[in-house]
Every structure is written in structure tokens, then in C-alpha cells.
1. Identify the residue in segment A:9-40 that is more than 7 Å from chain B (Cβ to nearest Cβ) and in contact with a helix residue (DSSP H, G or I) (Cβ under 7 Å, 6 or more places away or on another chain) and, among all such residues, is nearest to residue B:148 (Cα to Cα).
2. Which one is farthest from residue A:65 (Cα to Cα) among residues in segment A:194-218 that are hydrophobic (A, V, I, L, M, F, W, C) and within 11 Å of chain B (Cβ to nearest Cβ)?
3. Within segment A:120-134, which residues are within 7 Å of chain B (Cβ to nearest Cβ) and either outside any helix (DSSP H, G or I) or touching a Cys at 6+ places or on another chain (Cβ under 6 Å) (or both)?
4. Out of the residues in segment B:1-40 that are more than 7 Å from every other protein chain (Cβ to nearest Cβ) and open to solvent by less than 20 Å² (accessible area, probe 1.4 Å), state the one that is farthest from residue A:102 (Cα to Cα).
5. So residue B:210 passes all but one of these: (1) more than 8 Å from every other protein chain (Cβ to nearest Cβ); (2) closer than 21 Å to residue B:21 by Cβ; (3) over 21 Å from the mean Cα position of the chain (by Cα). Which condition number does it fail?
6. Could you count how many residues in segment A:117-163 are of a type in the set (Gly, Ala, Ser) and at pLDDT 90 or above?
7. Would you check which residues across segment B:75-114 are under 21 Å from the mean Cα position of the chain (by Cα), within 8 Å of chain A (Cβ to nearest Cβ) and of a type in the set (A, V, I, L, M) and list them?
8. Kindly indicate whether any position in segment A:236-249 is more than 12 Å from chain B (Cβ to nearest Cβ) and open to solvent by less than 10 Å² (accessible area, probe 1.4 Å).
Amino acid sequence: MSALRSKAMRPWWLLSPALVTITLLVVVPMSLILIYSFYINIDLGVDRPAFSFENWSELFTDSYYHVAIWKTFRLSVIVTVLAALLGYIPAYFIANTTYKHKWLLLLLLILPFWVSFIIRTLSWIHIMGNQGAINGMLLWLGVIDEPLQMMFNEFAVIVGFIHVFLPYMILNVYVSLEGVDRNLVPAARTLGCSPWQAFREVTLPLSLPGLAAGSLLVFVLTAGSYVTPLILGGPNDFLYGNLIYDAILSELNWPMGATLSFTLLVLLGLVVVLYSRIMGMNQLYKAFG
Amino acid sequence: MGWNLIRLYAVAVYIFMFAPVAVVLLLAFNSSQFGGFPIEGFSLQWFEKLYENEAIVRAFKTSFVLGIGTAILATTIGILASLALVRYRFPGKAWITTFLISPVLVPETVLAVGLLLFLRWLSMPRSFALLLIGHTIIALPFVVLVVQARLVGIRKDYEEAALSLGANPLQTFFQITLPLLMPAVFAGALFAFTISFDNITATIFWRPAGSETVPTQIFGMLRNSVSPEINALGFVMIVITVGVPLMAGGLARYFTRKKR
């Protein structure tokens, strides 16, 4: 009996370090964020335990925060839609190509994950900045006399985000396209579909789970960022994450920082719950296999 | 016709993904005093400057120790958890899997603030240990995902054979399971190292005063323009985070082919 029990316990022993780590260092801190959001800020880095709705009422009434939420939502939607449009066709190409070095195309897709995020982001200054490749080329060709201002605005931030998150989209769409039965499209064609119809009626619906998983990742990653706007944006291109950064690291207003963080967690949590209700969570894991 | 357009589009997207990075690699060798175009000549001086810059060398050391520490912690915890998830049946498995993966979906900013508040609550100052623990949490779900995928491919028969031939469970683990696991261990460790080495979002919150990792050092050096030193630093970082896994993958392929 005890031997049987010890065998049944074994997976729990193996799991315990991971479970303890995540409970202690993720779940407990998240609860602390909620508790701290009711504290009162007194001065720089000084606060008092309390049960006050001051921070929450500030968040709900001050339009500064609403603008940031709206801006973040809008920008995340733009980035997600553009990433889907840009990413679907390459994924389709990789899944259907007869090129014999397909592994190379896949490797090139994984490669960006290994290239430093900050390097990939700042590299756009070399492309679109005043001394960047585009301006250099146009000046040299004599098309323009003065460099075009393409940097440190919302456009640059969007380009930076798409550049960094596009591989997530392509990989997810590719994985679901790869899973589509190869006989379905020829079958649709023999039944009289045009190639475009076959794509629209067969391939596209079957690849939607991958497109949805990729979109979720891109949306959540964009909406939680603050570094990209700091590097590529102007003074007005801040996201919700920048408010958290300011509250915690500049103003040392911990209770407000906690309130803002908890709100971000809940808002993005809602997006994830909505997604998992519709799609389930399995597709999200597939891209890593 | 249609297919050619698709191919052209795919190639264009690949260029979009790689051209900016290629430009950084190229500009690292530019002799100009400015970080951008035009290219004036070939020079290795920026690499020399890099080596002489104490702050950068220190940041590299910090990043390395942090990355290796994260790889060891996250891989150890992750392998044990993955073994349980792949090898055993137990109630609530789907829930546990979701729980272990869920930190991926928590924005890093929120993870960072949470851990900082936890520290504040314990009245502890920011330290290297905070960075190490924090990076481990960020890397852990990815390690679990990657290792799990590798583990599914390893058959259980070998272990059962060893057990039936009289090896005890511990012997079986170290002599049979672990060697078979090595590719998964390696993949997980490499992934964890890269995640830690590259992290900036949470690191900016967690770093102790006066301590920098390579990404936060670069972030601090950026002032509307990119200095040539940053290009050289980018070159070195890319060589490490891309070159090492590629070489490891290549070597692994070479050896498995040789064995056959």
C-alpha cells in the first residue's frame, strides 16, 4: 500500500519545485499587487497600508489614464492586424513550397527570436533615421534635399512592434497550415472550386486557429510593452506600460503603480479568457513543439 | 502567376525581418565617428573601444553569470516538472499544465512590479538574486514547453528494461533517463540562457542600483542616435545569441549522423 502511494506521489514530488516557484513568485506577488492598490501614497516611495479607493477612483475618473488605455488598445489592434496581413502569406508560402531547403526557411523564422530585442528595435533608427539607409539613399539619388522625418513617431513604433512580433504570427499560422490535410484542396478543386474559392472555403477556415493564436500573442505582447515607444517613439507615443514605468521608477508611487499593473493584468486577462473560450488553449502550445 | 507573387511577398517579408539587423552588423565595421550611414571605411576600432569600456565589460559579465544561473535553475525545475507531466498520469494534469504555462501570458511589466512589491513587503533591497529569480520565472514556462515537446519523443521502454534488469530507480535515472534527456536539457538550457541574456522589460525594474546587463546598458547608451559602439555591441550580442545555438545545433546533427 505504501509503495503504491509513494508511486502515486512521485509526479507531485517532481512538480513541487515548479509549483512552489510559481505560487510563491507569481501568484503571491499578483495578490500583493491587488492589496497594494488600496494603499495610500504619501511621498516619494513612502506609502501607508490602508483600505482606500483613492487610486482606483483616480484611475476611473482621470482621463489621462483613459487616453492611455485607448491609445494602447488602438495601437495593439493596428499592430495585430498588420502582423496578420504581413505574416499570413509567408506562412502559406513556407507550408506549401516544394523548395528542398524548407528547413532553412523555418530556421530563418526562428532566428529572429535569438537576436536581441533591443538591437532589433534600435536597428530601425539605422533604416528610418536622419542618417538612416532610406534617407541616405534618397539624398544620394537627389530625390530629396533634406532628410525625411520618419523616426520618433507612432509610425516608427508600429514598425518596430511588427518587426519584433511578426515571427510569432508566421510561426503560429505555419503550424496550423502544416496540419491541414493535403488532399482537401485538390478535392475541392475537383468538385469545381476555383483556386481562390478553395483557399477561402477550405484552407483559410482551417488555418484560423493558428491565426487566432498568433494574433493573441501579438496583441498581448504589444499591449504590455513600454520599451519600444521609449526607443522609437516621440514624447507623445506612450503606451499604458509607460505609465506603470513612470509610476514605479520615476514617481516611486507604488500604490498607483500597483493599481495600474493590476488593471493591465485584468484587461489582458479578459482578452486571454475570451480567446480560450472560443479557441481553447491547445493551439498556443503547438508552436513550441 | 499567383504563386510567384506569393513567393515574392514572402521574400519581401524575410528581407523586412533581416535587413535592419544586417545593417547593424554592417555598421559595426564602419570607421565613421557616427553610428549611421554613410559608410566611410572598414575598421575594427569600435570593437577595441568596446573591450576598453569597463562599464560594458562589467555588463557582459553580469549578463553571462545571470544567463547561466537562469539556465541552471529554470532547466532543473523545468525538467522535473516536464517529467511529471509527460511520464505520469494523475488527476488535474491539464490544470497543472495551464498553471505552469500561465506566467507567459502575464505581461512582463506586471510580473516585474509584482516581484518588486513582494520584495518591498519583505523589506529587502533589489539584488542580483532578484534578477536571477525573476529571469527564472520568465524562462520557466518556455523551458517546460520546449522540454515537454522533446520528452514526448523519448520511449519509456529503455527505463523499464533497466528496471527489470535490477537497476534501482536512481541508477535508472542517472544511467538511462538522463543521457536520453540530454538533448532536451540542452535545448531548455539554451532557451533559458537566451531569454535571460535578452531580457530588458523586466530587468529595468529589477536591476539593483548601479548594476547593468548588456540590454539595459545599450538602453542607457541610446540618445536619439546610435553610437558606433552600440553597433559593435550589437554585433557581439548577435554572434553570441545566434552563433552559439546554431553551432550547437550543427554539432548535434553532425554527431548523430556520425553515430549512424
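1. Step one: filter segment A:9-40 for residues more than 7 Å from chain B (Cβ to nearest Cβ), giving A:9, A:12-13, A:16, A:19-20, A:23-24, A:27, A:31, A:34-35, A:37-40.
Narrowing further to those that are in contact with a helix residue (DSSP H, G or I) (Cβ under 7 Å, 6 or more places away or on another chain): A:34, A:37, A:39-40.
Numbers: A:34: 33, A:37: 37, A:39: 42, A:40: 45 Å.
Only one residue fits best here, namely A:34.
2. A:196
3. As a first pass, look at segment A:120-134 and keep what is within 7 Å of chain B (Cβ to nearest Cβ): A:120, A:122-127, A:129, A:131-133.
Selection gives A:129, A:131, A:132.
4. Among those residues, the one meeting the criterion is B:32.
5. (2)
6. First, the residues of segment A:117-163 that are of a type in the set (Gly, Ala, Ser): A:123, A:129, A:132-133, A:136, A:142, A:156, A:160.
In the following step, the residues that additionally are at pLDDT 90 or above were identified as A:123, A:156, A:160.
Of the residues in segment A:117-163, 3 are of a type in the set (Gly, Ala, Ser) and at pLDDT 90 or above.
7. B:77, B:80, B:81, B:100, B:101, B:105, B:106, B:110, B:111
8. Restricting attention to segment A:236-249, the residues satisfying the condition of being more than 12 Å from chain B (Cβ to nearest Cβ) are A:236-238.
Okay, now just the ones that are also open to solvent by less than 10 Å² (accessible area, probe 1.4 Å), so none.
Within segment A:236-249, none of the residues are more than 12 Å from chain B (Cβ to nearest Cβ) and open to solvent by less than 10 Å² (accessible area, probe 1.4 Å).
The values are calculated or read from the model by the stated rules, or taken from the named source; none is laboratory data. Since this is a predicted model, take the numbers as computed values, not measurements. All Cβ positions, glycine included, derive from the backbone under ideal geometry; neighbour counts span all protein chains shown. Keep in mind that these areas ignore ligands, DNA and RNA; they rest on the heavy atoms of the full protein, side chains included. Shrake-Rupley method; radii C 1.70, N 1.55, O 1.52, S 1.80 Å.
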